[in-house]
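Reviewing the structure listed below.
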Amino acid sequence: MSLNQSATQIASDVASRLRSAVDVCAAALSRAEAVNPRLNAFTQILRHEALCRARQIDAAIARGEAPGPLAGVPIALKDNICTRIGHTTCASRMLESYRSPYDATVVQRLERAGAVIVAKTNLDEFAMGSSTENSAFGVVRNPWSPDRVAGGSSGGSAVAVATRTVPLALGSDTGGSIRLPASFSGVIGLKPTYGRVSRYGLVAYGSSLDQIGPFATYAADAALLLSVIAGRDPNDATSADRAESDFSAAARDVDPAHAIRKLRIGIPREFFADGLDPVVRDQVEKAICEYRAAGAHLVEIALPHTKYCVATYYLIATAEASSNLARFDGVHYGHRTPAPRDIHHLYSASRDEGLGTEVKRRIMLGTFALSAGYADAFYQQALRVRRLIRDDYSQAFGQVDVIMGPVAPSTAFRIGEKADDPLQMYLADVYTTSANLAGLPAISIPCGFSASGLPVGLQVIAPAFEEARLLSAARFLEQRGDWHSRIPPIE
Ligand code: GLN
């Protein structure tokens, strides 16, 4: 089988019995087992469970049952998405042995669509980080250059797709955690509109920011996966009550000139200011020129509150995290210290032993930002700035259809380079956090490589619920270059 085979092709081959789901699954499992010792992308490879599921799918097809749009397609899930199979660890000692008693809504929808979950992927502990260096199970390495990070926090999902272990994976994005690793690893990563995809069964980090979204090699596959997981869910009150869309049309083989002609593309000057690595700037500008050459109009726009995004994000995300993570105390959930002296020690030692340094830092920051006497100066103030950031976008989308810029200020950095300097690390999120603060859909599309062979991603942001624009932008670039089809040398 070609490593570049799409999910769409696999599903059609399996449905028509050209290939069995078991064969496809076995190939994905062997690839995962070959990749993992070098890159550490998976917290668990679910060999037994996956093969059982694949056998059931083959049997259902043999009985003549309709197999679903992802028939036999192997998929990897970030390990903060609850699955009854395997563990749901959040890459934390706290949840190392946790087994979820229920499946997340996205998992139920995947199973209904015929997908086969082959692995859970490594992440920054509780999705807090930009490099996957904060995992209790060790760093994920970049397949293009193993001494570099793969980006975070969904580093494992990005690498699962970049290495062609699976054609599809799911991650979660609170402030960039799908787009950043997609950009560093050279794959598509899409953060949907807030509310587009149910968060039920996603272990909460920043509940007003979190969204689950797809990683894929091809735009059409990302569209297919989004169509499967999107839609209202009674178990998530923030999930949007919109007619389920079929996103596949947007990513179909369109005439590029037609899809892009007359598209008004906003170029925020704040996204190209100081601090942007010239290598990234070059590739991003070249990609934007492709759209212009196809007839798109470029419009310079201003997002004047961009300079406050990182500070605003880190106040709101940590405030929400401090509340969400209170349940991991050894009593409600998670690791319990083996020999507590008294009830206070039970709580403090369980949390101390179970949680990593960055998670503790976030809980302390968030607790401070919410505490009496400070909440108005920090948390409430951050909410006000969040409104201004959202207003910047509303104004911009009065003039343009999409906004384009870089995903990250640099290509993948070296392992350890920013690990001791949290502020430097937080700045990696300078272009990604605003889409979460404003609730908007945004994508990272592979758009080139640095001279040293590191991938660069183009970020496209659209108005709420206009994911279709992102997917057709991705499809367009896919037709213009071969960046998406290059495979990192992992042997
Ligand atoms: N890097 C950001 C953080 O550490 C974003 C993480 C995410 O999107 N989950 O909070």
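The values are calculated or read from the model by the stated rules, or taken from the named source; none is laboratory data. All values derive from a computational prediction rather than experimental measurement. Note: ideal-geometry Cβ built from the backbone for every residue, glycine included; neighbour counts use all protein chains shown. Surface accessibility is based on the protein's heavy atoms, side chains included, excluding ligands, DNA and RNA. Shrake-Rupley method; radii C 1.70, N 1.55, O 1.52, S 1.80 Å.
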Taking N as the number of residues in region 1-141, what is its alpha-carbon radius of gyration divided by 2.2 N^0.38 Å? 1.07
Accessible area per residue, Å², region 200-240 with all protein chains present, probe 1.4 Å: 22
Nearest 5 is fine: what % of DSSP beta bridges in the chain come out antiparallel, could you say? 65
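Quote to one decimal, in nm, the extra length available between A237 and Q395 on full extension: 0.36 nm per residue of separation minus the C-alpha distance between them.
In short, 54.1 nm is gained.
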What share of the DSSP beta bridges in region 50-204 is antiparallel, in percent to the nearest 5? 25
In debye to the nearest 20, how big a dipole does the chain give about its Cα centre with +1 on each Lys and Arg Cβ and -1 on each Asp and Glu Cβ? 420
How large is the dipole of region 324-468 about the Cα centre if only Lys and Arg carry +1 and Asp and Glu carry -1, each at its Cβ, rounded to the nearest 20 debye? 360
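Quick one: what do you get for region 338-456 if you divide its Cα Rg by 2.2 N^0.38 Å?
1.47
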Note: C289 to R387 extended length (0.36 nm per residue) minus current alpha-carbon separation gives 32.1 nm
Largest-first principal axis extents of the Cα set of region 64-142 (Å): 46, 30, 15
Reach of K307 by Cα under 14 Å, taken over aspartates and glutamates that are not fewer than 8 positions away in the same chain: E270, D274, D392, D429
Go through P146, L170, V118 and say which Cα lies farthest out towards the positive end of the charge dipole of region 115-172; charges sit on Cβ, +1 for Lys and Arg, -1 for Asp and Glu. V118
Computing the accessible area with a 1.4 Å probe over protein heavy atoms, can you report the carbon and sulfur percentage for the chain? 52
What is the local net charge at H87, summed over the other residues whose Cβ is closer than 10 Å to its Cβ (Lys, Arg +1; Asp, Glu -1)? 0
Kirkwood Rh over alpha-carbon pairs of the chain, then Stokes-Einstein at 25 °C and 0.890 mPa s: what D in µm² s⁻¹, rounded to an integer? 110
Per-residue accessible area for H332 at 1.4 Å probe radius, Å² rounded to 10? 130
Let me know the charge dipole size of region 245-381 about its Cα centre in debye, to the nearest 20, where only the beta-carbon of Lys, Arg (+1) and Asp, Glu (-1) is charged. 120
Assuming R0 = 51 Å, what is the FRET efficiency of D352 and R63, from their Cβ-Cβ distance, to the nearest 0.05? 0.45
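Residues with beta-carbon under 12 Å from that of S207, excluding S207: net charge, scoring Lys, Arg +1 and Asp, Glu -1?
Charge balance in the 12 Å sphere: -2.
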Note, region 151-166: 3J(HN,Hα) by Karplus (6.51, -1.76, 1.60, θ = phi - 60°), whole Hz, Gly/Pro = x, goes x, x, 8, 8, x, x, 5, 4, 6, 4, 7, 4, 7, 6, 5, 9
Once every DSSP H run of n ≥ 4 in the chain is given -39500 (n - 2.57) and the sum is divided by its residues, what mean residue ellipticity at 222 nm do you get, rounded to the nearest 500 deg cm²/dmol? -11500 deg cm²/dmol
To the nearest Å, what is the center-to-center distance of region 444-491 and region 31-56, using C-alpha atoms only? 26
